[in-house]
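Worksheet: the structure to be examined is printed underneath.
Each reported figure results from applying straightforward, stated rules to the coordinates on display, with no laboratory input. Worth saying up front: this structure is predicted, and the values here are computed from it rather than measured. So basically every Cβ, Gly included, is an ideal-geometry build from the backbone, and we count neighbours across all protein chains shown.
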Amino acid sequence: MMQTRTQVGIVGAGPAGLMLGHLLHLRGIDSFIIENRSEEHVVERVRAGVLEQSTVDLMHEVGLGGRLAAHGMRHEGLYLAFGGARHRIPMAELTGGRAITIYGQNEVVRDLIAARTGTGRPLRFEVEEAGVRDLASLTPSIRFRSGGRLHEVACDFIAGCDGSHGICRPSMPADRVHVYERTYPFAWLGVLVDAAPSSDELVYSLHDRGFALFSMRSPHVTRLYLQCEPDEDIARWPDDRIWAELTTRLQTSDGWAPRAGPITQKSITRMRSVVVEPMDHGRLFLAGDAAHIVPPTGAKGLNLAMADVWRLARALEAFYRSGDETLLREYSGRALQRAWRAQRFSWWMTSALHRAAADNDFDYRRQLADLEYLVSSRAAMTSLAENYVGTPME
Ligand SMILES: Cc1cc2nc3c(=O)[nH]c(=O)nc-3n(C[C@H](O)[C@H](O)[C@H](O)COP(=O)(O)OP(=O)(O)OC[C@H]3O[C@@H](n4cnc5c(N)ncnc54)[C@H](O)[C@@H]3O)c2cc1C
């Protein structure tokens with residue numbers, strides 16, 4: 001067996017694991033990142049695309065804001081569409097200048113991998129049989145197989161950044177962990193389209209046929225979503241049906257509609273909310289989707305992952321600088337506070353904008369009344385805006 005030592009072993013090279021590795025590098029702390037998928041898979045998978053203000057600020061602070069500044073699309077508002085009309089929420093005006101930026105998760109991951117590679121610190125893709133051991137001791141370790149050989153990395157700490165299907169969370173003793181979970185009775189059918197976006201800002205729509213979202217990834221690529229059945233068979237959605245449904249649900253009486261174009265990718269995303277409490281066990285600390293999953297409506301998943309690792313890096317820095325474990329002990333409680341706030345907001349956005357099979361006409365009219373109130377009250381719009389652009393990480 002090949003044996004190595006590091007300070008922080010990181011399982012998972014998604015946004016959480018890669019950003020943690022970079023934050024630790026900037027503080028002079030060594031880390032070893034392992035990932036079970038290929039580099040190409042990690043970069044190419046299509047996921048989130050909305051960065052909160054604090055995620056954008058963090059990318060700049062860690063020296064990785066160059067491509068983001070050049071290619072990211074800053075949005076100072078968003079639209080809510082219902083009853084055939086679009087209503088703009090001026091987010092920046094309502095939040096003292098905070099905004100969101102459209103920059104695909106794959107671009108964030110590309111930037112982080114380039115930074116990691118530049119440091120020369122270990123980042124191993126396509127590892128197999130990863131496992132974590134001795135979590136409650138002062139010398140936890142990671143084992144994995146790579147290039148046909150078994151490896152063991154002795155660590156001071158392990159960061160479980162391995163997403164919702166990883167191995168870290170299941171390694172915590174079941175009787176010490178509580179998993180809060182809610183599954184929603186619908187899913188999203190998402191498409192990527194080769195067409196210039198027909199709106200400069202996102203359009204969230206509630207229609208009596210269900211939710212739809214108009215979004216984008218770049219000045220040439222539109223990203224659209226439709227509420228569908230949770231067990232939807234994507235084969236039942238030829239392109240013509242998708243366009244008919246998107247147009248019906250999104251077009252508004254001012255003449256606006258999404259611009260059609262070739263669909264280059266289709267996928268179904270099921271929707272659930274999960275929170276794992278606590279987010280630590282001994283010397284294992286969970287971060288990102290390994291600890292919490294939000295329905296994508298509020299665009300919080302990637303941003304929460306970034307906030308977690310920002311907090312964890314700060315706590316590890318304090319430990320290595322002075323041996324002070326206070327921030328490490330506070331990590332789970334503070335991260336959960338932010339996670340629950342994001343859960344509340346994501347649940348609210350989802351409930352306000354989707355139609356459940358169990359809902360009747362009363363529920364739909366109540367949803368419309370809720371949205372009417374929202375767009376007519378500066379206080380209600382401010383609440384939406386400050387949650388959507390996100391609060392500072394502290
Ligand atoms: C299909 C999908 C679509 C999404 N769409 C949106 C969206 O439209 N909008 C939005 O806001 N958010 C979306 N999200 C959420 C957002 O992408 C996540 O919140 C974000 O990726 C969290 O980052 P993370 O690093 O915590 O987890 P991940 O990005 O999941 O990274 C975890 C990494 O750990 C690796 N890993 C897992 N097991 C192991 C193991 N045993 N050993 C080594 N490595 C392992 C995985 O391969 C992965 O690379 C989506 C998520 C998914 C899964």
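Looking only at A13, A290, A115, which one moves most when the chain is put into a Gaussian network model with springs between Cα atoms under 10 Å?
For the chain, modelled as a Gaussian network with Cα springs under 10 Å, the answer is A115.
Among 299-305, 346-352, how do they line up by average Cβ neighbours within 10 Å per residue, starting with the highest?
In decreasing order of mean packing, 299-305, 346-352 become 299-305, 346-352.
Quick check: from the Cα gyration tensor, does the stretch 62-135 come out rounded (a/c under 1.5), prolate or oblate?
prolate
Once you order the gyration tensor axes a ≥ b ≥ c over the Cα atoms, which shape class does the stretch 22-82 get: rounded for a/c under 1.5, otherwise prolate or oblate by comparing a/b with b/c?
Because a/c hits 1.5 or more and a/b fails to exceed b/c, the stretch 22-82 counts as oblate.
Just to confirm my numbers, what's the Cα centroid distance between the stretch 57-109 and the stretch 171-229 in Å?
16
With a ≥ b ≥ c taken as the square roots of the eigenvalues of the C-alpha gyration tensor of the chain, please select rounded if a/c is under 1.5 and otherwise prolate if a/b is larger than b/c or oblate if it is not?
In terms of gyration-tensor shape, prolate.
Quick one: net charge around R86, please, counting Lys, Arg +1 and Asp, Glu -1 for every other residue with C-beta under 14 Å from its C-beta.
It works out to a net charge of -2.
Specify which residue in the list P170, S199, A159 is farthest towards the positive end of the charge dipole of the stretch 154-206, using unit charges on the beta carbon of Lys, Arg (+1) and Asp, Glu (-1), about the Cα centre.
The residue sitting most towards the positive pole is P170.
So what's the net charge close to M19: Lys and Arg +1, Asp and Glu -1, counting the other residues with Cβ under 12 Å from its Cβ?
Around M19, the surrounding residues sum to -1.
Would you be so kind as to identify which of H75, P238, Y331 lies farthest towards the positive end of the dipole of the chain, taking Lys and Arg as +1 and Asp and Glu as -1 on Cβ and the Cα centre as origin?
After comparing all options, I get Y331.
Using unit Cβ charges (K, R positive; D, E negative) and no other charged atoms, how large, in debye to the nearest 20, is the dipole of the stretch 313-394 about its Cα centre?
For this selection, approximately 60 debye.
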